[in-house]
């Protein structure tokens with residue numbers, strides 16, 4: 001009899017390819033999977049419940065506490081209608097006179113919650129609580145936490161009960177050395193919970209060895225390979241028309257999150273050195289305004305273009321336009337240095353050669369399969385030299401594209417899901 005699985009992920013589950021692949025693999029194997037993630041009313045059309053297939057259901061918990069929504073709405077109403085302020089003050093004064101021990105502390109608390117940092121704590125705390133309540137709402141055999149930010153939820157639901165359940169820790173990142181996780185709290189948090197899990201999954205063997213050195217055990221390795229594309233699917237988005245480019249203009253593509261530490265500033269710096277082609281960013285992120293400002297200040301509007309994030313299932317339609325693709329992570333933390341990079345494999349699946357950083361997992365694939373050139377991703381001149389080499393040697397570029405067609409039959413989820421399903425067949429979860 002197959003098990004009921006409760007999986008947690010700290011996002012809206014709109015562009016999380018790895019979690020989609022894992023849930024789909026489990027559901028097609030006969031496991032009943034409930035994925036608990038986060039709803040956001042700002043995303044139009046996002047459903048709180050979805051049935052992906054008969055065995056795979058998505059539950060999105062409410063993001064914002066109702067009391068916070070009411071409080072902020074009331075505050076905005078007062079700010080827009082300042083004539084009501086005297087009446088509000090009189091009403092508050094009357095209530096404070098009648099019940100000062102209740103009204104005054106509540107007022108102070110409400111005003112404090114309008115400050116950003118306290119709002120963040122309140123919102124995140126309410127999400128965690130809702131996830132936990134949802135995790136207890138049904139009888140599950142296994143709890144599966146994706147990344148450190150859902151491990152407490154998985155631990156509470158699986159272990160703080162009379163009959164303990166199994167807990168899988170699926171760490172997509174190196175939690176103790178990654179951008180945005182600079183506080184010493186995160187390593188301590190992971191060290192505490194990791195002693196209480198039943199099994200662990202990491203993305204590659206470089207990270208597995210790091211985990212072994214840190215915690216004394218070698219976790220399961222499941223690479224983040226994409227689905228192999230169907231042979232008859234060759235659809236392309238018309239990027240040349242979208243960007244008002246000549247039909248013969250070569251597209252030099254970066255796709256993915258536009259975030260710090262990904263070497264994207266170096267791509268902009270390298271763009272004036274490209275002998276032909278247009279650098280195109282497909283995606284959104286925190287530093288996108290910074291890149292746009294760089295482009296404007298360097299007068300590169302003709303050489304660098306931006307397209308907003310596209311749905312995950314449509315992304316290959318854009319990738320197939322590229323003459324080459326970029327994966328130029330910077331060595332700002334071990335998480336970047338050890339990455340396998342699903343972006344690399346997305347390029348390979350679309351027969352697009354890459355200019356990539358020379359980090360171990362990425363370099364191993366690029367040079368073993370001869371699907372691109374590795375460079376010092378901190379050096380924009382070296383990036384430009386690699387780009388120009390592929391521009392000036394179309395035969396070399398085309399050979400690398402043909403090598404991608406072979407490599408995609410090796411680096412795909414159809415093969416890798418066998419390793420993933422084996423995790424659920426180990427004694428740690430079956431007994």
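The values are calculated or read from the model by the stated rules, or taken from the named source; none is laboratory data. Note that the structure is a prediction, hence the values are computed from the model and not measured. Cβ sites come from the backbone with ideal geometry, for glycine too, and all protein chains shown count toward neighbours.
Looking at segment 311-328, which of its residues are buried (at least 17 other Cβ atoms within 10 Å of the Cβ) and under 21 Å from residue 241 (Cα atoms)?
Within segment 311-328, 315, 316, 317, 318, 319, 320, 321, 322, 323, 324, 325 meet the criteria.
Among 188, 195, 235, 230, which is exposed (fewer than 13 other Cβ atoms within 10 Å of the Cβ), more than 19 Å from residue 426 (Cβ to Cβ) and in contact with a helix residue (DSSP H, G or I) (Cβ under 9 Å, 6 or more places away or on another chain)?
None of the other options fit; the residue is 235.
Can you find a residue that is in a helix (DSSP H, G or I), in contact with a strand residue (DSSP E or B) (Cβ under 6 Å, 6 or more places away or on another chain) and assigned by TED's automatic domain parsing to the domain that holds residue 23 anywhere in segment 411-426? Yes, some residue in segment 411-426 is in a helix (DSSP H, G or I), in contact with a strand residue (DSSP E or B) (Cβ under 6 Å, 6 or more places away or on another chain) and assigned by TED's automatic domain parsing to the domain that holds residue 23.
Residue count for segment 128-158 under the criterion of being surrounded by fewer than 22 Cβ atoms within 10 Å (Cβ to Cβ) and part of a helix (DSSP H, G or I): the result is 11. Annotation: residue 398 fulfils all but one of (1) part of a loop (DSSP other than H, G, I, E, B); (2) assigned by TED's automatic domain parsing to the domain that holds residue 269; the unmet one is (1). In the set (1) at pLDDT below 85; (2) within 30 Å of residue 138 (Cα to Cα); (3) in contact with a helix residue (DSSP H, G or I) (Cβ under 8 Å, 6 or more places away or on another chain), the condition left unmet by residue 67 is number (3). Restricting 167, 214 to those that are buried (at least 20 other Cβ atoms within 10 Å of the Cβ) and either under 30 Å from residue 141 (Cβ atoms) or touching a residue at least 24 places away in the same chain (Cβ under 8 Å) (or both) reduces the list to 167.
Residues in segment 1-32 that are in a strand (DSSP E or B), over 20 Å from the mean Cα position of the chain (by Cα) and closer than 22 Å to residue 173 by Cβ: 5 alone. Hey, any hits in segment 20-38 for a residue that's farther than 19 Å from residue 55 by Cβ and in contact with a strand residue (DSSP E or B) (Cβ under 7 Å, 6 or more places away or on another chain)? Yes: one or more hits. For segment 33-48, the tally of residues that are in a loop (DSSP other than H, G, I, E, B) and within 25 Å of residue 343 (Cβ to Cβ) stands at 3.
Restricting attention to segment 391-399, does a residue exist that is touching a residue at least 12 places away in the same chain (Cβ under 8 Å) and more than 15 Å from residue 275 (Cβ to Cβ)?
yes
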